[in-house]
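Take a look at the structure set out below.
The values are calculated or read from the model by the stated rules, or taken from the named source; none is laboratory data. Predicted model, so just to flag it, every value in this text is computed and none were measured. Every residue, glycine as well, gets a Cβ built from its backbone with ideal geometry; the counts of neighbours run over all protein chains shown.
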């Protein structure tokens, strides 16, 4: 059985982006939107809100493998900073989720749905890797913030990396349902899309 993602035309793939409280507080909303928009991707929904704990718990929905992996990375960062390791990887992994949720609830965020060909991959590329200090120059995280895993581990807080973006088209479909009702996603067509996707560019010459 085809999923909603498979049924949708290729150039209508959708992804979820959330500008986190640090992005809002630093006045970077316009800059972040501009970076996505200038590629030709299209915004189909916006929502400015303060997340609830229930929304965040459903949104992050991480399995034990993820918790163990992140917890082990946290332990490595503690050791690199010469700090004591007092818990096992699973406990640290759960703690990471708790700090992320606490930070997401600390202030307003801007949730948005972005549509376009390979929107998940394009948004991920523009955003940069999760750790800002190792993100490439030219990415949002690489250019606009300097936080690191080791620094956040030493302060027992989440990494301040400005943005959440979906990992895959399937995950995007799940995450969008946490933040938006189906009727809140607007279906429309831009002139920009004709240049990007139409086979025949009739009407350019008079």
- request: Being within 25 Å of residue 16 (Cβ to Cβ), assigned to a helix (DSSP H, G or I) and in contact with a strand residue (DSSP E or B) (Cβ under 6 Å, 6 or more places away or on another chain) narrows it down to one of 100, 113, 120, so name that one.
  value: 120
Single condition residue 164 does not satisfy, out of (1) modelled with pLDDT of 95 or more; (2) over 19 Å from residue 43 (Cβ atoms): (2)
field: Per-region count, the range 127-176, residues under 21 Å from residue 78 (Cβ atoms) and in a loop (DSSP other than H, G, I, E, B)
entry: 13
query: Looking at 123, 159, 137, which is the one that is surrounded by 16 or more Cβ atoms within 10 Å (Cβ to Cβ) and modelled with pLDDT of 95 or more?
result: 123
task: Residue by residue through the range 155-200, note down the ones that are closer than 30 Å to residue 82 by Cβ and touching a residue at least 12 places away in the same chain (Cβ under 8 Å).
output: 156, 157, 158, 159, 160, 161, 162
Count of residues meeting criterion [in contact with a helix residue (DSSP H, G or I) (Cβ under 9 Å, 6 or more places away or on another chain), surrounded by fewer than 12 Cβ atoms within 10 Å (Cβ to Cβ) and at pLDDT 90 or above] in the range 49-99: 1
